[in-house]
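The values are calculated or read from the model by the stated rules, or taken from the named source; none is laboratory data. All of these numbers come straight from a predicted model, not from anything done at the bench. Heads up, the Cβs are rebuilt from the backbone with ideal geometry, glycines too, and the neighbour counts pull from every protein chain shown. For the accessible areas, the whole protein counts, side chains as well, though only heavy atoms, and no ligand, DNA or RNA atoms are used. Shrake-Rupley method; radii C 1.70, N 1.55, O 1.52, S 1.80 Å.
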Amino acid sequence: MRWSWFGDFFGAIPDALRALYLFGDPSSRGDGWWGFVILAIWGAGLIGAPLFLAKRWYGKHEWASAAMGVMAGTAVLWWVFGVLPSSWIYFLDANKEILADRIIPTSFTLTIGGTKLDIASNVYNVIRDTVVVVEHLVAFGLTFWAAIKIQQRYPRTLVAGEVKPEAGGYK
């Protein structure tokens, strides 16, 4: 076991955090905080405001409430299934010189009797892509769970005076 890897790993953490802070700032002027501002605007404007309106209009303006809920849900799904995985891949590809073999291994080799056996030569890409797959699996599960919980919490309501039909469907 190569014990110097531990020192390399912990020594690379400040560089990796700096790269994460500057990610998305092509000028590298140190304005990485703009990413957090954009994230806050996205969250408040495209997710928070529609959710607020959906909750406020629930039971009064059903179609508008449903439309706002769908808008917020679409923004969340766009973020979870598009922006996060894409950003992860771009970040790891752009900062490979900082992360490779210091934080994320690039290959696995085994030495047996002086002979090096290459077990896996593209571990960096495998780890990068596996994180995206796991994130998608977790997000799919949470999406279905959230859909069931939302349906349970906010069941379909009837307009005043409307009677629930005996058997479903239009007649």
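Sorted by mean Cβ packing within 10 Å, highest first, what order do the peptides 146-152, 83-89, 95-101 take? List each step's numbers first, then the result.
On the way: 146-152: 10.4, 83-89: 14.1, 95-101: 16.1.
Highest to lowest by the protection proxy: 95-101, 83-89, 146-152.
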Using mean Cβ contacts within 10 Å as the protection proxy, how do 41-54, 127-140 order, highest first?
-> 41-54, 127-140
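When the accessible area of the range 36-171 is split by element with a 1.4 Å probe, what percent falls to carbon and sulfur?
Details: 7050 of 10020 Å².
Ligands and nucleic acids excluded, carbon and sulfur give 70 percent.
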Plugging the Cβ-Cβ distance of Ser107 and Ile13 into 1/(1 + (r/R0)^6) at R0 = 35 Å yields, to the nearest 0.05, a FRET efficiency of 0.95
Accessible area per residue of the range 79-161 at 1.4 Å probe, in Å²?
-> 70
